[in-house]
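These notes are about the structure you will find just below.
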Amino acid sequence: MAEKSFHVEVVSADAELYSGEATFVIAQTTVGEMGVLANHEPLLGQLVPGGFVVIVEESGTRKAAAVEGGFISVTGESVTILAEAAEWADGVDINAEKSALESAEPDTPEYNRAHARLRAAEQIA
């Protein structure tokens, strides 16, 4: 299985959220949602505000994080997510985020944060 896995790092401005081996990564970029498998062609992409990143670990465990902009860097051997802000979706209160999304103005930091949290929570539901 080692030939089908690659190293993934998820780093925000204030913390390293993840460092480990994965078999698949999904990220929302400014040009669309992309999936990354082992030996993917190198690329650099810009993450959308209010987006998410999904990591499928070697064990099959699926993790999702809400991200607030940043970049994804892909080499043949690794993926690095450099997010302005990021947090795991497993503790998201979906009802509270829906309420925050409805009360926030579109394209504001509050709206993007609530949108990111909801989308990330949907990925692991």
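The values are calculated or read from the model by the stated rules, or taken from the named source; none is laboratory data. This structure is a prediction, so every number in the text was calculated from the model and none was measured. Heads up, the Cβs are rebuilt from the backbone with ideal geometry, glycines too, and the neighbour counts pull from every protein chain shown. For accessibility, only protein heavy atoms count, side chains too; no ligands or nucleic acids. Shrake-Rupley method; radii C 1.70, N 1.55, O 1.52, S 1.80 Å.
Could you state how much accessible area H115 has, in square angstrom rounded to the nearest 10, with a 1.4 Å probe and all protein chains kept in place?
The accessible area of H115 comes to roughly 60 Å².
Could you pull out which residues in region 9-42 have an amide N less than 12 Å from a spot 7 Å beyond the Cα of E58, following the Cα-Cβ vector?
Under cut-off, by backbone N: 20-23.
Stretched out fully, how many nm does the piece from D107 to T30 gain, at 0.36 nm a residue minus the Cα gap?
Computed gain between D107 and T30 is 26.3 nm.
Once the cut-off is 22 Å, how many percent of the Cα-Cα pairs in region 1-88 end up in the long-distance tail?
So the pairs more than 22 Å apart make up 15 percent of the total in region 1-88.
Please list the non-local residues whose amide H lies under 5 Å from the amide H of F24, H modeled 1.01 Å from N, same-chain partners needing a gap of 5 or more.
Amide H to amide H, under 5 Å and 5 or more residues apart or across chains, F24 pairs with V56.
Accessible area of the chain with a 1.4 Å probe: how many percent of it is carbon plus sulfur?
Result for the chain: 50 percent of the exposed heavy-atom area is carbon or sulfur.
Tell me, what is the 1.4 Å probe accessible area of R62, in Å² to the nearest 10?
100
With every protein chain left in place, what is the accessible area per residue of the chain in square angstrom, probe 1.4 Å?
53
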